[in-house]
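One structure is given below, encoded as structure tokens.
The values are calculated or read from the model by the stated rules, or taken from the named source; none is laboratory data. Note that this is a predicted model, so its numbers are computed, not measured. For neighbour counting, all protein chains shown are included, and Cβ atoms are generated from backbone atoms with ideal geometry for every residue, glycine included. Just so you know, the surface numbers come from the protein's heavy atoms only, side chains and all, with ligands and any DNA or RNA stripped out. Shrake-Rupley method; radii C 1.70, N 1.55, O 1.52, S 1.80 Å.
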Amino acid sequence: MPLLLHDTLTRTPRPLTPLDGKTLRFYCCGPTVYGPAHIGNFRTFVAQDVFRRVLEFGGQPTLHVRNLTDVDDKTIRDSQKAGQSLTDFTRYWTEKFHADCTALNLLPPHVEPSAVAHIVHQVRMIETLIERGHAYATADGSVYFKVTSFADYGRLSHLEDRELKLGASEATRATDSDEYTKDSLADFALWKARKPEDGPNFWPSPWGEGRPGWHLECSAMALEYLGEDFDVHSGGIDLIFPHHENEIAQSCCATHGKFAHHWFHVTHLMVDGGKMSKSLGNLYTLEDLQKRGYSAAEVRYVLISGHYKAPLNFTFHSLDAARQALQKLAKFEKALREASGETALFEAAQLIAHGSAGPLQEAWDTLSDDLNVPGALGAIFGAINRTKPASLSKEEARSTLLSLHFMLGALGLVLPSVPEDSTADIPAEIADLAERRWQAKQSKDWPLADTLRKELDAAGWIIKDTKEGYQVLKK
RNA sequence: GGCGAGGUAGCAAAGUGGUAAUGCACUGGUCUGCAAAACCGGUAUGCGCGGGUUCAAUUCCCGCCCUCGCCUCCA
């Protein structure tokens, strides 16, 4: 059963089958590398990662392209401010971004093209658009896309002519727009003529020195790596207009293809019930949360715990809940391992061959229905509550273990170690405290025993009494 | 104002035309000296508000209210 995914353009869920019959090719708008990405940005990237994993775990090969926007107003402005070359500046933030992606267990895209490295492709595309009468150069050496030349403009965002004009009238007030002589205020820049504040960041073109417009980057790189027609294009919901609308216009007018056949947009993350913003002090980066003692795995869990189409409210309480939920999964996993006697790690191919089977089939079916992650998690926990690993046969336990890993792999969840796994080296003073507490307990000196237990607790250790004796566990 | 997405327990979040998943939190029990852990239970007569359709509506229809996003370079 192919993955069912809601399509922004048709506003209906549609099954995804690759256009070329083999590989499902998709493009994701990547980050602008001018500062640290925040968890809202990562909600989108994590959702796209789950999308890819679900396809691949379902046996569908993919070609995942995600660009790096390393030349635009912000990267140029901030690199100048930092006194660095654009290359050095964007390289630094790109490396930061990659480190966060790795921590969040995001599969690296198969191709990660940089905008700067594709200026030639963009210039070529502009030339085609001018030849075909969809774009025009102005006296200052900029080039604009002629929106009225593309009849379908506004179809994705469902903006009527009236609304487009309304937006244009607002733009009239912006001084920047007045510097150019656009035919229509709704027209957008494909090439921006060099300005003094750009510093050394300009490139040659048939229309003079300058740099490409932001929207064009994605069209040019998608064409280069995915062709005129490809399966899915994805990004944050805010990109629908104007970015994706403009991409469609550029690409459809410059090629004979239809561009993306399916649009996948991820709704924004909210924090404490409202939008995230620097001024409200609720804009968090992964690093911020790690400094507060949360793991990237916990952050990932929170980010996928709401359906991608619905607003998700991020709170610290939700991070705490994620920690407990992951712990519960880890304990179940451990119990299955013990019941099956299985110690090896599984290969991806082995998991895919095994599938979700048995008690987790429902979870997989739910996940395959428009990437319903919260529904799938619910099904997994439901199965956990109904399954007693100790009562399973070795074979049953192994099969369930494989199914669990299949689902965890599809969701990209990495389990934490359970406390029992980290008892290896107990410091002498801790062992001593524990032993004294045990002796106190044996002699029924409850106050002393409790005091010693509190000391252990404060030091980060837990005492677990059993029939035979006691265990010391790291918290 | 236009377009879009949402409003479900203390928090978070699925779902369905016919007794409301799941996680956290809370709580009762078993166990324990008491705990912790584990295990077995409990916790929304209710799903923004008001109408309508229906034997039956949280689910479909209409109206309204609220939240969030976009409305020219924000994931």
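Within chain A, antiparallel bridges make up roughly 50 percent of the DSSP beta bridges whose residues both belong there. Based on Cα contacts under 8 Å between residues 6+ apart, segment A:184-295 shows a relative contact order of 20 percent.
About its Cα centre, the dipole of chain A is roughly 1140 debye, where the only charges are +1 on Lys and Arg Cβ and -1 on Asp and Glu Cβ.
Rounded to the nearest whole Å², what accessible area per residue is found for chain A with the 1.4 Å probe?
Averaged over the residues of chain A, the accessible area is 46 Å².
Here each label is just a point 7 Å from Cα along the line to Cβ, and for A:Asp320 and A:Tyr92 those points are 3.7 nm apart.
Here each label is just a point 7 Å from Cα along the line to Cβ, and for A:His110 and A:Asp288 those points are 3.6 nm apart.
Close amide H contacts of A:Tyr470 (hydrogens built in the peptide plane, cut-off under 5 Å, sequence separation of 5 or more or a different chain): none are found.
Dipole size in debye (nearest 20) for segment A:358-401 around its Cα centre, Lys and Arg Cβ +1, Asp and Glu Cβ -1?
Computed charge dipole of segment A:358-401: roughly 340 debye.
Each of the peptides A:275-287, A:457-469 was scored by the mean count of other Cβ atoms within 10 Å over its residues; in descending order, highest first, they stand as A:275-287, A:457-469.
Full-extension gain between A:Lys444 and A:Ile426, please, as 0.36 nm times their residue separation minus the C-alpha to C-alpha distance.
On the way: separation 18, 0.36 × 18 = 6.48 nm, distance 2.51 nm.
This chain segment gains 4.0 nm when fully extended.
Backbone amide hydrogens, once placed in the peptide plane, bring A:Ala260 within less than 5 Å of A:Phe230, excluding anything fewer than 5 places away on its chain. For A:Ala376, neighbours were defined as the other residues whose beta-carbon sits under 14 Å from its Cβ, and their charges (Lys and Arg +1, Asp and Glu -1) total -3.
For chain A, with all protein chains in place and a probe radius of 1.4 Å, 53% of the accessible heavy-atom surface sits on carbon or sulfur.
For chain A, the 222 nm mean residue ellipticity estimated from helices alone, with every DSSP H stretch of n ≥ 4 adding -39500 (n - 2.57) and the total spread over all residues, rounds to -14000 deg cm²/dmol.
Listed peptides A:80-86, A:231-237 appear in the order A:231-237, A:80-86 once ranked by packing, highest mean of other Cβ atoms within 10 Å at the front. Taking amide H atoms as placed 1.01 Å from N in the peptide plane, the amide H of A:His268 lies under 5 Å from those of A:Ile237, each 5 or more residues away in sequence or on another chain.
Modelled spin labels at A:Asp238 and A:Asn385, positioned 7 Å past Cα toward Cβ, are 3.8 nm from each other. The residue list A:Thr315, A:Gly141, A:Ala151 was ranked by how far each Cα lies along the charge dipole of chain A toward its positive end, using unit charges on Cβ atoms, and A:Thr315 comes out on top.
Note down the magnitude of the dipole of segment A:4-266 about its Cα centre, charges +1 on Lys and Arg C-beta and -1 on Asp and Glu C-beta and zero elsewhere, to the nearest 20 debye. Walk me through the intermediate numbers first.
Numbers: 26 positive and 36 negative charges, 92 e Å.
The calculation lands at about 440 debye.
Computed over chain A, relative contact order equals 17 percent, with contacts defined as Cα pairs under 8 Å that lie 6+ residues apart. Length gained on full extension, A:Phe346 to A:Ser277, computed as 0.36 nm times the residue gap minus the Cα-Cα distance: 20.7 nm. Computed from backbone phi, the HN-Hα couplings of segment A:438-449 come to 5, 4, 4, 5, 4, 8, 6, 8, 4, x, 5, 4 Hz, rounded to whole numbers (Karplus: 6.51 cos²θ - 1.76 cosθ + 1.60, θ = phi - 60°; Gly and Pro given as x).
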